[in-house]
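Bear in mind these aren't lab numbers, they're just calculated from the coordinates by the rules spelled out. No experiment lies behind these values; they were computed from the predicted model shown. FYI the Cβ positions are ideal-geometry reconstructions off the backbone, even for glycines, and counts take in every protein chain you see.
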Amino acid sequence: MLKWAFAFLVFGLIAALLGFTSVAGASLAIAKVLFFVFMVIFVVLVVAGLRLARRPG
């Protein structure tokens, strides 16, 4: 998912440089949403992993 966010970011930056502002804005918005979804999933998995690591056998 982080790869897709990075791909949309690069695509949005290239589109902005070429003057396609609506495409660039949409692409950067998608990249932002994907990044935040990735961060939420990452934090949930880290917390779950820490809870499972502390659980007594």
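Within the chain, if we keep just the residues that are assigned to a helix (DSSP H, G or I) and among the charged types (D, E, K, R), the residue that is farthest from the chain's Cα centre (by Cα) turns out to be 54.
A count restricted to region 18-57 and to residues that are more than 18 Å from residue 6 (Cα to Cα) and touching a residue at least 40 places away in the same chain (Cβ under 8 Å) stands at 0.
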